[in-house]
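These notes concern the structure reproduced below.
The values are calculated or read from the model by the stated rules, or taken from the named source; none is laboratory data. If you're wondering where the values come from, they're calculated on a predicted model, not measured in any experiment. No Cβ is skipped: glycine too gets one built from the backbone with ideal geometry, and neighbour counts run over all protein chains shown. Each accessible area value is taken on the protein alone, full model and side chains, heavy atoms only, with ligands, DNA and RNA left out. Shrake-Rupley method; radii C 1.70, N 1.55, O 1.52, S 1.80 Å.
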Amino acid sequence: MENAPVTSFEERLSGHAARVEQELRRLLDGRDRTGEIARPERLLAAMRHGVLNGGKRLRPFLVIESAALFGRAGEDVLATAAALECVHCYSLIHDDLPAMDDDDLRRGQPTVHKAYDEATAILAGDSLLTLAFDILATESGEAARPPLSPRQRLDLVKGLAVASGIGGMAGGQALDLGAERDRPDEAGIIRLQAMKTGALIRYACEAGAILGGATFADRERLAEFGSAIGLAFQLADDLLDLTADAAAMGKATGKDAAAGKGTLPALHGAEWTRQQLKGLVDQAHDLLEPFGAKAAVLKQAATFIAERKS
């Protein structure tokens, strides 16, 4: 019997993205979920526009692969991954608004407030955020595995609330909006980035450990891994903002520099940034060493994040 072909990292990423996309389509179809009265057609269409528009689905990928590290797969994992993507996409919809970053394109398509209107975009983001917690709080109908314990479900809900709120992503966005005025130093930039971008990536990795019933020590290890790759993601993003063109990125580039916002690549240059990225990848790989070969895909993810071109 011949050996099965080895799936490349990109194929694995695409495969997970397709599964998450299918789950998001199911969650955002026209059928009311339990307890809902109705789903306004225009609002639902705007939500779908902001979510079902491609993308790598990196955060859901990290949930799925982190859970797999502890032997967990199935509906609860996919639902958690989809819930996290709802929060991420809500943040993008709001981030693109004129009162914030004022962007016309997202993933090569008109942003939600351009395709619809500002009020609908705000409500679409609000609805995606609250839908995420609905998803996490709903028990899976899957019978193949024991259901999540109340403690696991509570930890997933609590973790996402903290990661997306004032001490995480939303707080980081507030700091980012003030960066033109306050001109944060290097420590301030790192704190801002750990909140705005890193918090959801950290959560993605820890959520997988929670789903897998990992020990507290392993949950902390995965959270630290998420922090390292979260900073790498933002450094790579800032580097691309300086060096890539809008067509490759699917959105406007060079806006941070034009607005006078401080970034680490702007402070230290491209070569310094590439060296920092290498160090963060090494740190991420070291954190996964205790898991041996089972962590190979997550190690590849760290490298992919640091070396991505879009």
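Observations
- For segment 97-127, residues that are under 20 Å from the mean Cα position of the chain (by Cα), charged (D, E, K, R) and over 21 Å from Glu36 (Cβ atoms) total 4.
- Residue within segment 102-125 that is polar (S, T, N, Q), part of a loop (DSSP other than H, G, I, E, B) and in contact (Cβ under 8 Å) with a residue 12 or more places away in the chain present: yes
- Only residues that are free of Cβ contacts under 8 Å to residues at least 40 places away in the same chain and surrounded by fewer than 18 Cβ atoms within 10 Å (Cβ to Cβ) were counted in segment 189-222, giving 5.
- Test result for Arg181, within 25 Å of His94 (Cβ to Cβ) and buried (at least 18 other Cβ atoms within 10 Å of the Cβ): no
- Residue within segment 30-42 that is under 27 Å from Leu154 (Cα atoms), among the charged types (D, E, K, R) and touching a residue at least 40 places away in the same chain (Cβ under 8 Å) present: yes
- Conditions (1) over 29 Å from Ala209 (Cβ atoms); (2) in a loop (DSSP other than H, G, I, E, B); (3) open to solvent by 40 Å² or more (accessible area, probe 1.4 Å); number of the one not met by Asp29: (3)
- So Leu44, is it more than 29 Å from Arg219 (Cβ to Cβ), at pLDDT 95 or above and not in a loop (DSSP other than H, G, I, E, B): yes
- The residue of segment 76-119 that is nearest to Cys205 (Cα to Cα), among those that are open to solvent by less than 20 Å² (accessible area, probe 1.4 Å) and polar (S, T, N, Q), is Thr80.
- Checked against (1) open to solvent by 50 Å² or more (accessible area, probe 1.4 Å); (2) in contact (Cβ under 8 Å) with a residue 40 or more places away in the chain, Ser164 passes all but a single condition, namely (1).
- Subset tally (residues that are among the small types (Gly, Ala, Ser) and at positive phi) for segment 83-127: 1
- Where a residue in segment 59-76 is in contact (Cβ under 8 Å) with a residue 40 or more places away in the chain and its partner, wherever it lies, is of a type outside the set (A, V, I, L, M) and open to solvent by less than 10 Å² (accessible area, probe 1.4 Å), with Cβ under 6 Å and at least six apart: Pro60/Glu85; Leu62/Cys205; Val63/Thr80; Val63/Gly208; Ser66/Cys205; Ser66/Gly208; Ala67/Gly208
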